[in-house]
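Comments concern the structure below.
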Amino acid sequence: MNFSQQLIDWYTVNKRSLPWRDTKNPYFIWLSEVILQQTRVQQGLPYYKSFVKKFPSVENLAHAPQDEVLKLWQGLGYYSRARNLQTAAMQIVDNNSKFPDNYKDLLQLKGVGEYTAAAIASFAFGESVAVVDGNVYRVLSRIYGIATPINVPAGVKEFKSLAGKLLDQHDPATYNQAIMEFGAIQCVPKSPDCSVCPFQSNCIAYQEQRVKELPVKLKKTKVKNLFHHYLVIQTPSKKTVLHQRDNSSIWAGLFEFPYIEAQGALLPQEIIEEKFFKELVGESRFRESVYNQQPIIHKLSHRKVHAYFWIIELDQELNDTLSIEDARAKPVHVLMERFMKEFWQGK
DNA sequence: AAGGCGGGGCA
DNA sequence: TGCCCAGCCTT
């Protein structure tokens, strides 16, 4: 028995009963697909029901006030989906209320991309076009042991091609439902229970114990911006203060000036009102000035640190200070070294 | 090609 | 608490 038939057999036994599976009405199917973009069935189900109830036809949706649509969408997230949904409803109504009945025409609807067009075309009109969503990437990459990243053009092409070949030409609707349902409830992203999987013996990932590694997704290392406002303490005897970083994050165990972490640039007023600043300076009177109006940008693989240096001249000594010479002897990170070298040159 | 868009589930 | 999820539109 081939893969597609096996999948359909599994689906027949294991499928959930969902309202949009009991209809061929393209409007309802479209509604469900848009609601389920980036959304779990469990979360989307009540929204589907309320939309069907409030807007039983595409005309109802097209003619509703936008606020009403958004209100119904409230809490579901990705709100442009709701606006696009209504825009598309208007597109359809403008076209004599003729619902697009094929993949190509469906793609013209606002908010309908390749996945959604394939889903509607196959479910409502029986068109032979394979859906490729996150479930499909996951299932195919594991069963076929494909390690091509799913989020690069070559990977997209490869998976689409395979999905097209596997599509059951006689019943594309059921096949498409089946592979996505399989991904949603059996071949789940994390810790799938392979002990009850019907594809154990022909799943390459399972056989080679690579289930955890697949699908491969290129991490676009999202760089996080950090804003560090370093407090460069200067006592009358030219002592300063360093703190040692803890061992759990970047620059573990290295020394640096104490700093305030913020969401961006800060005004002097904001600095001196910080609890951390007050605790550090204690009863001293001080004069503060910013050393660099433009932050020093320090890039790490996953962090972009915007470093501001505030020179705090105190009129009395503090505890736990150290001389510049001792400070220069401490292990510091590159950013700190750059600053210290420039700030204390010749001292 | 890359960034932005939101919630919930889960380790 | 922070990471992960993976469709579509915009730039």
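A few points about this structure:
- Residues within segment A:140-185 that are more than 16 Å from DNA strand B (Cβ to nearest atom), β-branched (Val, Ile, Thr) and farther than 18 Å from residue A:211 by Cα, tallied: 1
Condition check ((1) within 16 Å of DNA strand C (Cβ to nearest atom); (2) over 26 Å from the mean Cα position of the chain (by Cα); (3) open to solvent by less than 20 Å² (accessible area, probe 1.4 Å)) across all residues:
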residue	(1), (2), (3)
A:160	yes, no, no
A:171	no, yes, no
A:174	no, yes, no
A:183	yes, no, yes
A:186	yes, no, no
A:190	yes, no, no
A:195	no, yes, no
A:199	no, yes, yes
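- Considering the conditions (1) surrounded by fewer than 22 Cβ atoms within 10 Å (Cβ to Cβ); (2) within 14 Å of DNA strand C (Cβ to nearest atom), residue A:75 is excluded by exactly one of them, (2).
- Among the candidates A:35, A:8, residue that is within 18 Å of residue A:172 (Cα to Cα) and surrounded by 14 or more Cβ atoms within 10 Å (Cβ to Cβ): A:8
- Single match in A:204, A:233 (criterion: assigned by TED's automatic domain parsing to the domain that holds residue A:284 and among the hydrophobic types (A, V, I, L, M, F, W, C)): A:233
- Neighbours by Cβ (under 8 Å, 6+ apart or cross-chain): first from segment A:36-58, within 26 Å of residue A:97 (Cα to Cα) and touching a residue at least 60 places away in the same chain (Cβ under 8 Å); second assigned to a helix (DSSP H, G or I) and more than 10 Å from DNA strand B (Cβ to nearest atom): A:37/A:115; A:37/A:116
- A search for C-beta distances below 9 Å between a residue of segment A:317-328 that is over 11 Å from residue A:280 (Cα atoms) and any residue that is of a type outside the set (Gly, Ala, Ser) and assigned to a helix (DSSP H, G or I), counting only pairs 6+ apart in sequence or on different chains, returns A:324/A:340; A:327/A:340; A:328/A:340; A:328/A:341.
- Here residue A:219 meets each of (1) more than 11 Å from DNA strand C (Cβ to nearest atom); (2) open to solvent by 60 Å² or more (accessible area, probe 1.4 Å); (3) without any contact (Cβ under 8 Å) to a residue 40 or more places away in the chain with one exception, condition (1).
- Being assigned by TED's automatic domain parsing to the domain that holds residue A:111 and either open to solvent by 90 Å² or more (accessible area, probe 1.4 Å) or modelled with pLDDT of 95 or more (or both) is true of residue A:13.
- Among residues of segment A:288-319 being at pLDDT below 90 and in a loop (DSSP other than H, G, I, E, B), the one that is nearest to residue A:278 (Cα to Cα) is A:291.
- Positions within segment A:331-347 being part of a loop (DSSP other than H, G, I, E, B) and touching a helix residue (DSSP H, G or I) at 6+ places or on another chain (Cβ under 9 Å), in sequence order: A:344, A:347
- When each of A:235, A:240 is tested for being out of contact with any helix residue (DSSP H, G or I) (no Cβ under 9 Å at 6 or more places or on another chain), touching a residue at least 40 places away in the same chain (Cβ under 8 Å), closer than 14 Å to residue A:320 by Cα and open to solvent by less than 30 Å² (accessible area, probe 1.4 Å), the lone residue that passes is A:235.
The values are calculated or read from the model by the stated rules, or taken from the named source; none is laboratory data. Here the structure is a predicted model, which means the values were calculated and not measured. Neighbour counts run over all protein chains shown; Cβ positions are idealised from the backbone, glycine included. The accessibility values were calculated without ligands, DNA or RNA, using every heavy atom of the protein model including side chains. Shrake-Rupley method; radii C 1.70, N 1.55, O 1.52, S 1.80 Å.
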